[in-house]
Each structure stands twice: as structure tokens, then as C-alpha cells.
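Novice: Pasting in a structure now, in C-alpha cells, and then I'll have a few things to ask.
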Amino acid sequence: MSADSELTCFSGFLMSFSLPLLDAKEVTPVIPYALPSLSIMHKCGYALPRNILTRKAMKAAVAKKPIIRIAVVESDPLRFVGFRALFDSEPDFELVSAALPEIGQLQNIELVLLGNRSGQNLFDAMASLKATRPDLRIIVTGSGMDEETILKAIASGAKGYVDEAASPAEFVQAIRIVNQGSVWAPRKVLSMFIERVSSSPGRIFPAGRVTFTDREKEVLEMLVVGRSNKEIGAALGIEERTVKAHVAKLMRKVGVQNRIALSVHAITHSLVSAK
């Protein structure tokens, strides 16, 4: 590039900033500076910011990343719009808006964001979802839910709870953690759950001692220390779906609804080693 063209380019770059317009009476800027023209920046060899990437380009960049398909069950359609905006920077998230009766037909959905404001009782809604799709992972969202209600939701089969005032990063992390097979809930709620189960396990778990196969014991040992299905599968040399089948069978044997309850039962009844 010649000196003249460099000067032209630099001048064009500077002129691509819009000067603020001034109100003659108020003498205050009413329009802020605009960003420089992208075409001029590109022509002059300036690197474009990464956040200029379109959503289509972002999706192409993560084409090999598994898609997480999420159904949003909310009575207010604006909530769905809000979630789409919230997850716009997560190209592997696919969202659909759905009513409870429709969930059974959405076979490609792996996770549900269930709003606690639909007018229907939360636990009735959860029971309806579990009846049609027992494999679904449910994250309850809402505002001002007390710890007792959250605890009851987790004990009833929800895989997580996120307050609607949570940051976008927390929502994203919760979805990824739950999608991996773990549970996401406030630490205080999990502490309450473990404390209550440890103090009176007979009120929550069925009486009698169940027996497990050697493979189920191996899966249970790793589940108790917090490993995901994927990590357990890698350690044991089996597929993730096989691990999920083992976990589901373990929960049926014990008579619990989620991994936390299964872990606590295993510890309380000395089904795993002290380590």
C-alpha cells in the first residue's frame, strides 16, 4: 500500500466516525459516536472484532458440537423471547416454545425449562412431564421461590432450579451441567436435602436393603463423588447411554427420582466405600 493510499485509508477510517450532532439551544450531544465503517476497516487491513460474527458463522464454527435441544414451557410468550436473546451467544442451544401437552410429541427435546408461573401447580406440571417423557431433564425457573419449594421440586425429580434474576452465565452453566447428567441447585438447598435424608432416611427411602450388580456398584461409586455420565463412561470403557441406563436402574431399585437422592441413599446405607 502506497503512502497516498495509506493516508486515504486513514482519513476514511477517521471520517467513518459520525460526529455528534449538537443541539443549538442545549449545546449537548444528542447522538453518540458511531462505530467506524466495517468496509473501511477491512479495506485498510484492520482486524474486525470477534463479536461481529453472525450467528450463522458461530453455528458453523461449532458444527461438531452436539446440539442441546431445549423446550421452554412458559405462559408468557415474552419469556421465550427473553430466553432466546439470553442464549443467542450459545450456538449449540436450540430453543422451542411448547405447552405441556405438546412435550410428548417433541421426541428430539432433551431438556425443559419449566416456568413456575404458568398458573398450573408446579408439581402437577412436573408429574405431567414425567408421565409423558420420563427421560426429560427439567430445570425449574422462577422468582422468589423459597428453599422448601425448591427442595420439594428437586426431590420430585427436577434436575435443577435457576432464579430468573440469575446472570446469563449462570443459566448457561446450569443447562450444561444438567445436560451432562448432574443436578444444579442452590448450595443451601442441597445441604438441607442431605441433612434431612441423613437424619431420617426411612421417611424418604424404602425400607430394606437392595442388591446391585458389580457394574452398578462401579457406576454408583463414581456417581457419589460427582462424576458425570460421560466421565463414568470414559472411566469404565462403556458408552454414555449405557451409564444412563445403569443410573436409571439404580434409581428404580432404590425408589428415588434423581441422582442426589441416589447418592445420599448410597452413603446413608453404606452402599459405597468410605473414600
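The values are calculated or read from the model by the stated rules, or taken from the named source; none is laboratory data. A quick note: this is a predicted structure, and the numbers were derived from the prediction, not measured. For neighbour counting, all protein chains shown are included, and Cβ atoms are generated from backbone atoms with ideal geometry for every residue, glycine included.
Novice: Limited to the range 157-178, what total is found for residues that are within 20 Å of Pro66 (Cβ to Cβ) and crowded, with 20+ Cβ neighbours inside 10 Å?
Specialist: 6
Novice: Collect the residues in the range 119-175 that are of a type in the set (Gly, Ala, Ser) and part of a helix (DSSP H, G or I), keeping them in residue-number order.
Specialist: Those that are of a type in the set (Gly, Ala, Ser) and part of a helix (DSSP H, G or I): Ala125, Ala127, Ser128, Ala131, Ala153, Ala155, Ala169, Ala174.
Novice: Separate question: Where residues in the range 229-270 are modelled with pLDDT under 90 and among the hydroxyl-bearing types (Ser, Thr, Tyr), which of them is nearest to Ile138 (Cα to Cα)?
Specialist: Once the filter is applied, the top-ranked residue is Ser263.
Novice: Also, quick follow-up: Restricting attention to the range 70-92, and to residues there that are under 16 Å from the mean Cα position of the chain (by Cα) and more than 18 Å from Tyr161 (Cα to Cα), which single residue is surrounded by the fewest Cβ atoms within 10 Å (Cβ to Cβ)?
Specialist: Ala85
Novice: Now for a different question. So, in the range 249-275, exactly how many residues are in a helix (DSSP H, G or I) and in contact (Cβ under 8 Å) with a residue 12 or more places away in the chain?
Specialist: Adding up the residues that qualify gives 14.
Novice: Pick out the one residue from Met192, Met222 that is modelled with pLDDT under 85, closer than 26 Å to Ser270 by Cβ and aliphatic (A, V, I, L, M).
Specialist: The match here is Met192.
Novice: For the subset of the range 49-95 comprising residues that are of a type in the set (Val, Ile, Thr) and assigned to a helix (DSSP H, G or I), which member is modelled with the highest pLDDT?
Specialist: Val81
Novice: Exactly one condition in (1) surrounded by 16 or more Cβ atoms within 10 Å (Cβ to Cβ); (2) in a loop (DSSP other than H, G, I, E, B); (3) not hydroxyl-bearing (Ser, Thr, Tyr) is false for Asn108; which is it?
Specialist: So the condition that Asn108 fails would be (1).
Novice: Please find, within the range 130-141, the residue that is farthest from Ser167 (Cα to Cα) out of those that are buried (at least 18 other Cβ atoms within 10 Å of the Cβ) and free of Cβ contacts under 8 Å to residues at least 40 places away in the same chain.
Specialist: Checked the range 130-141; the qualifying residue farthest from Ser167 (Cα to Cα) is Arg133.
Novice: Provide a single number: the residues in the range 222-273 that are within 24 Å of the chain's Cα centre (by Cα) and hydrophobic (A, V, I, L, M, F, W, C).
Specialist: Residues that pass the stated criteria total 16.
Novice: Consider only pairs whose beta carbons are under 6 Å apart and that are at least six residues apart or on different chains; among these, list those whose first residue lies in the range 96-125 and is at pLDDT 85 or above and whose second residue is of a type in the set (Phe, Trp, Tyr).
Specialist: That search, which allows pairs on different chains as well, returns Ser97/Phe80.
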